[in-house]
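The values are calculated or read from the model by the stated rules, or taken from the named source; none is laboratory data. Fair warning: this is a prediction, and the values are worked out from it, not measured in the lab. Glycine gets a Cβ as well: all are built from the backbone with ideal geometry, and neighbour counts include every protein chain shown. For accessibility, only protein heavy atoms count, side chains too; no ligands or nucleic acids. Shrake-Rupley method; radii C 1.70, N 1.55, O 1.52, S 1.80 Å.
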Amino acid sequence: GMTRLLILGGTGQLGRALQAAPLPPHWHRTVLGRDAADLADAAALERSIALAKPDILINAAAYTAVDRAESESAAAWRINATAPGVLGAATARIGAAIIQLSSDYVFDGVSEGLLTEDDPVGPANVYGASKAAGERAVAARNPRHLIVRTSWLFSPHGANFVKKMLRLGRERARLRVVDDQIGRPTDARDLAQALLAAADGALRDETAWGTYHVTNGGAPVSRLDFARAIFNRAPWNGPAPRLLPVSSEVDPAPARRPANASLATTKFTDRFGLALRPWQDALDEVLGHLKEAEAPARALAPAGGDGP
């Protein structure tokens, strides 16, 4: 029969990638936008899910403003912790499964080496705490869950580190980038395909539900080395900016970031037979997309360049 997929959070990087990704055979996709699904309105969420009757729900909606979460903890908590609990209960009630997206930020990032799914969580900021609470809420309410932690999402769409670096690189001759945060960049489009394949696998083999880490392959890097890779690989006009290493201590943000956010992905690969390509290959592809998207716009810009 038909497998009905419901996607919540269609506007973010992952939501957009999930809408564009090729579906497994005999799947049907519906996207619930913000207008249809107010994450603060539990009753409305439950109604939407009961109406859509999905076989599986992917919750790609999240409060992701990490620094702002420190001062807006109620909003972060409502969207990242309370709403997933409601979604877990609503899907369980109709016999549907749920995929909840989570983050490397559930870890304090103090330990060395790759972090496994069995390592204890210990968030260092409000955002991470709200995501960890969301994981627990989903797991407690619907045993048929995939909780998928990922890191450093980038894509041609939405706000992300790659686009931010390219923007700042055009504006400034020198860029300060932290060199003491380590992780693995992840292409939202690769993640979307992996989620759909894993969902398909888990619906066929009910022993596969659980918590997994999914990122692109390739060696983990510091933010500084990621920035270097971006400028080295970008089809760059003119001189690239000079990158200056800076420590998180010298340039503190309101929310403390995990120093080591390198997630071990072997559990996912062993279970589903899927390994995502190296992040460098994905980066090259995204940079190509961004270059194409930019070319016509630049040609049409009025003389004097007073664009946005």
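Annotations for the structure displayed:
- Computed over the range 73-207, the P(r) curve from all C-alpha pair distances, binned at 5 Å from the origin, holds 2, 9, 15, 17, 20, 17, 10, 5, 3, 2, 1, 0 percent per bin.
- Nonlocal amide H pairs with residue 31, under 5 Å, H built at 1.01 Å: 7
- Modelled FRET efficiency - R0 22 Å, residue 93 with residue 208, Cβ distances, 0.05 increments: 0.50
- Dimensions of the range 46-98 along the principal axes, based on C-alpha atoms and rounded to the nearest Å, stand at 37, 15, 14, largest first.
- Of the trypsin sites (Lys or Arg not before Pro) found in the range 180-287, none is in coil by DSSP with at most 12 other Cβ atoms within 10 Å of its Cβ.
- Backbone HN-Hα couplings from phi across the range 179-188 [Karplus 6.51/-1.76/1.60, Hz, Gly and Pro as x]: 10, 10, 10, 10, x, 10, x, 9, 6, 4
- Taking the chain as a Gaussian network of alpha-carbon nodes connected by springs under 10 Å, the highest mean-square fluctuation of the residues 266, 91, 186 belongs to 266.
- Whole-Hz ³J(HN,Hα) from phi, Karplus 6.51 cos²θ - 1.76 cosθ + 1.60, for the range 132-145, glycine and proline x: 5, 5, x, 4, 5, 5, 5, 4, 6, 9, 9, x, 8, 10
- Taking label points 7 Å from Cα along the Cα-to-Cβ direction, residue 275 and residue 111 give a separation of 2.3 nm.
- Stretchable slack from residue 118 to residue 232, in nm (0.36 nm times residue separation minus alpha-carbon distance): 37.4 nm
- Folded to 0 to 90 degrees: helix 42-52 orientation relative to the chain principal axis, Cα: 80
- Most to least accessible of 70, 249, 292 (protein chains only, probe 1.4 Å): 249, 292, 70
- A crude spin-label estimate for the pair residue 29 and residue 43, with each label 7 Å from Cα along the Cβ direction, gives 3.3 nm.
- Residues considered: 29, 149, 167. Largest GNM mean-square fluctuation over the chain, using C-alpha springs under 10 Å, is found at 167.
- Computed over Cα pairs, the Kirkwood radius of the chain leads via Stokes-Einstein (1.306 mPa s, 10 °C) to a diffusion coefficient of 79 µm² per second.
- If you take the alpha carbon atoms of the range 224-291 and fit the smallest convex hull around them, that volume is 137 Å³ per residue.
- Rounded tilt (10° steps) of 223-233 against the dominant C-alpha axis of the chain: 70
- With Cα atoms, 0 to 90° folded angle of helix 83-93 axis to the chain main axis: 30
- Probe 1.4 Å, all protein chains present, accessible-area order of 272, 231, largest first: 272, 231
- Per-bin percent of Cα-Cα distances, the range 35-151 [10 Å]: 15, 46, 30, 9, 1
- Protein heavy-atom accessible surface, 1.4 Å probe, per residue over the range 219-265: 50 Å².
- Contour excess over end-to-end distance, with Cα ends at residue 171 and residue 266 and 0.36 nm allotted per residue: 30.2 nm
- Inter-site label distance for residue 244 and residue 294 at 7 Å from Cα along Cβ, in nm: 2.3
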